[in-house]
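To keep things clear, I will list the structure first and then write my remarks on it.
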Amino acid sequence: MLCCREDSALFLCRLCAGFFILGRPEARPYRKEGRNMKKTPFLTLEKAQEIIREIPTPFHIYDEAGIRANARALKAAFAWNPGYREYFAVKATPNPYILQILKEEGCGCDCATYAELLLAEAVGCTGHDVMFSSNVTPVQDMRKAWEMGAYINLDDATFVDFLAKIAGDKMPETVCLRYNPGGSFSLGNTIMDMPRDAKYGMTEDQMAGAINRLMKLGVKHFGIHAFLASNTTANDYYPELASQLFRLAVRLRNATGCHFSFVNLSGGVGVDYRPEQPASDIALIGEGVHMKYDEILAPAGMNDIAIFTELGRFMLAPYGHLISTVLHQKHIYREYVGLDACAANLMRPAMYGAYHHITVLGKEDAPLDHVYDVIGGLCENNDKFAIERSLPEIEIGDILCIHDTGAHGFSMGYNYNGKLRSAEVLLRADGSFQLIRRAETVKDYFATFDCTEFKFPEE
């Protein structure tokens, strides 16, 4: 789906609308208005211009106040569970300043690779502050997770012996197992995802065998993990997933006699990328999980189980913008607006045909009476942030805000065409701003040729 039309994505959003319930406003960075609903950026044109005088566009910027408010809303939604913990998916926004903010709000780190483990360690997240969920895992990565004392989530039954070879007689007291139920995962008559096609997790029989083997190796406590849908704003996704995992925990406890200490619902709770799309209601979601907990686990005498989540997109996406400057305009069969940002800065529209709302800063209230393709400068025709998008009249030099880039924005960047990764900026709660990652330079781009005889200019 490299260049799908925006109207098809809108159809899919509307198809699922029966599952949506409007979210609470207190942790949201924008408002919704009437028929011409729009998103309001968390920074003004004046603030953007102030930042640009010091940090040239393009750059990603994150809203500290919004991040903290959202983390607190999530924690409140699961306050009924004494052991609840959010493990932020580091892959979504791998920046130590972001991890530090979330750590201060009580979150741990969900890591999948050696580098992500090092990021977590850099901000003081070690031991059970870290959940390590990996597949096709290198020895180096598994050894680092074990050395850190992280919760280790085994993706496959063969990983039991893999971990045992690394740990020897010092197996972790608690080990997590990743579940794949097979088949399709659906809500009502709408299929959310196809677990049978996913490379992750193991069958129930494999989990039972792995648990028996792990108990013989000295493991005392267990966790269950599953990820069955991505970016869904259906408020009954988490409760339905919880129901499946809670029933699985009861069956496995009865079959093996093991003790489960936590159930990890992983990620999948989505955000409303489109202004007309209702948002996830995290309070309603948390209460739905609570009801399933009381219905399934409590009667089985398993009401000491902690609930974990691993949210990335929900935690950060709405609280990040990509700020870019208009460089060129082109008038052929369509009207084109060319930015100094490109798909190397935000891959999702090119890769998935994903919608990201766009605001022309300083023209928030101007009529949307022009239609543009908003494009970057890569030598690929899918390098488009928007296709036939209604926007105000745009002039060269205008500053555009591309919304909801706080997760899977900068992190999915790349260097095609020799494009350099942009800077990252943190808008502090007090209105100040801080550079939290500098932009790449030509020197950075050529750095890995230091093993050759070729010489390149540093700038």
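Just so it is clear, none of the values below were taken in a lab; they were calculated from the coordinates. Just so it is clear, the model here is predicted, and its values are computed rather than measured. Because the Cβ atoms are built from the backbone with ideal geometry, glycine has one as well, and the counts that use them run over all protein chains shown.
Restricting the chymotrypsin sites (Phe, Trp or Tyr not before Pro) of segment 242-318 to loop positions (DSSP other than H, G, I, E, B) with no more than 11 neighbouring Cβ atoms within 10 Å leaves nothing. For segment 64-316, just say rounded, prolate or oblate: build the C-alpha gyration tensor, square-root its eigenvalues into a ≥ b ≥ c, call rounded for a/c under 1.5, and beyond that prolate if a/b exceeds b/c, oblate if not. Oblate shape, in that a/c is at least 1.5 and b/c is the bigger or equal ratio.
Extension gain for R213-L420 works out to 69.7 nm (0.36 nm per residue, less the C-alpha to C-alpha distance). Spatial offset of segment 280-333 relative to segment 348-381 amounts to 25 Å, using the alpha carbon center of each. Separation of segment 89-157 and segment 240-277, taken as the distance between their Cα centroids, equals 20 angstrom.
Applying a DSSP loop filter and a limit of 16 other Cβ atoms within 10 Å to the GluC sites (Glu not before Pro) in segment 234-319 leaves E276.
From the residues Y179, G286, L297, which one has its Cα farthest along the dipole of the chain in the positive direction, the dipole being from +1 and -1 charges on Cβ of Lys/Arg and Asp/Glu about the Cα centre? It is L297, whose Cα lies furthest towards the positive end.
Taking only the Cα atoms of segment 349-394, the radius of gyration and Dmax are 11.4, 34 Å. The sum of -39500 (n - 2.57) across all DSSP H runs of n ≥ 4, divided by the residue count of the chain, sets its helix-only mean residue ellipticity at 222 nm to -8000 deg cm²/dmol. Neighbours of Q434 by Cβ distance under 12 Å: Lys/Arg scored +1, Asp/Glu scored -1, total -1. Report note on the peptides 99-105, 327-333, 364-370: ranked by the mean count of other C-beta atoms within 10 Å, highest first, their order is 99-105, 364-370, 327-333. For segment 233-240, backbone phi angles converted through the Karplus equation (6.51, -1.76, 1.60; θ = phi - 60°) give residue-by-residue couplings of 9, 6, 5, 9, 5, 4, x, 5 Hz, Gly and Pro being listed as x.
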